[in-house]
Amino acid sequence: MRALLIIIACVAVVFGCKGKKDDDTRSAAKPPPDAAAKPKTVEHIAVALAAGCDEGNLENCRSLGVLYARGRGFKKDEKKAHQLFTRACVGGVMRACSNLANAYLKGLGVDVDKARAVTLYQKACDGGHMLGCRNAGLAHLKGDGVARDPAKAAALFEKACAGKVALACNNLGVLLRAGTGVSKDQARAFKMFSTACQAGDPSGCANLGAAYLLGQGIAKSPPAAAAWLRKACGGNDPFGCYMLGLLTARGTGVSKDEAAAKKLLAKGCRLGDQRACKLMLDKGWARPKAAPAK
């Protein structure tokens, strides 16, 4: 168990109305069967968005840019998507500014410009798009396109978490757990992981499980740790699958089950956790094909 605690202590996990009825319902005639509305295809939606964008609806321009970026309804055209995101962002659609930042960050339809990406994420954040705050926080934490500033990152994660961005709550929890950019506070970190997990972020569930296992901000409980790690793995979090596989192989918090451990570690390995792949090798178990390292 002591070796297990050492393994976890070294791990830092940092990184989707009904209308009012007529008063006299008897006067409303039913439409003939052939007049029933047909479900709209992506192509129909794309045409409608294009028409709306041409008429000046900038939200439609942003949505149209997403379709071009993904090749939905139109042939994939990242340059066209970039143009549409730019138009919408300049016109005040903050989500479009985040889309545009993503394009500059990854070089989608435009040359990579990480500094420009950070500026656009911050613009989106200042305009109320909370995911922009989270992404700006990541840039400040990594020093990606801007000077590294963990304190600034923490403040941005705090804002995004308050704005219901689950990923940001998990990011803030990681900083609180380590005391990076903020005062170390295990109890508050636990709360952030819980908030993230309950809002649907599998990484938050994985960190919540680790907190229960180590007794960080909460009393130790291996069974509770296993339960939260199971939820994380069910959401395809690589670390969650690795840790649950490790506990299952050792019978910590759950019944010891080699066959189940193999499956969990294989899943973690496929999802890209190299520790899961290594553990399978160390135990002499067949190693599945791993996802490319990120």
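Key figures
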item: Residues Glu55 and Asn236, FRET efficiency given R0 of 45 Å [Cβ-Cβ distance, rounded to 0.05]; result: 0.65
item: Exposure proxy order (Cβ contacts within 10 Å, fewest to most) of His82, His44, His140; result: His44, His82, His140
item: Within segment 162-189: backbone nitrogen closer than 14 Å to the Arg148 label point (7 Å, Cα to C-beta); result: 180-181
item: Burial ranking of peptide ranges 258-266, 215-223, 149-157 (average Cβ count within 10 Å, highest at the top); result: 149-157, 258-266, 215-223
item: Filter on Lys114/Lys152; Lys191/Lys220; Lys80/Lys123; Lys80/Lys159 - keep pairs with C-alpha separation over 24 Å; result: Lys80/Lys159
item: From phi via Karplus (6.51, -1.76, 1.60), per-residue ³J(HN,Hα) for segment 200-216 in Hz, x at Gly/Pro; result: x, 8, x, 5, x, 5, 5, 5, 5, x, 5, 5, 5, 5, 8, x, 9
item: Rg/Rh for segment 140-226, where both radii come from Cα atoms and Rh is the Kirkwood radius; result: 1.00
item: Loop trypsin sites (Lys or Arg not before Pro), segment 170-202 (other Cβ atoms within 10 Å of the site Cβ: 16 or fewer; DSSP); result: Lys184
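Read-outs throughout are calculated quantities, based only on the coordinates presented, and are distinct from any laboratory measurement. Note that the coordinates shown come from a computational prediction; the quantities given were computed from them, not determined experimentally. Because the Cβ atoms are built from the backbone with ideal geometry, glycine has one as well, and the counts that use them run over all protein chains shown.
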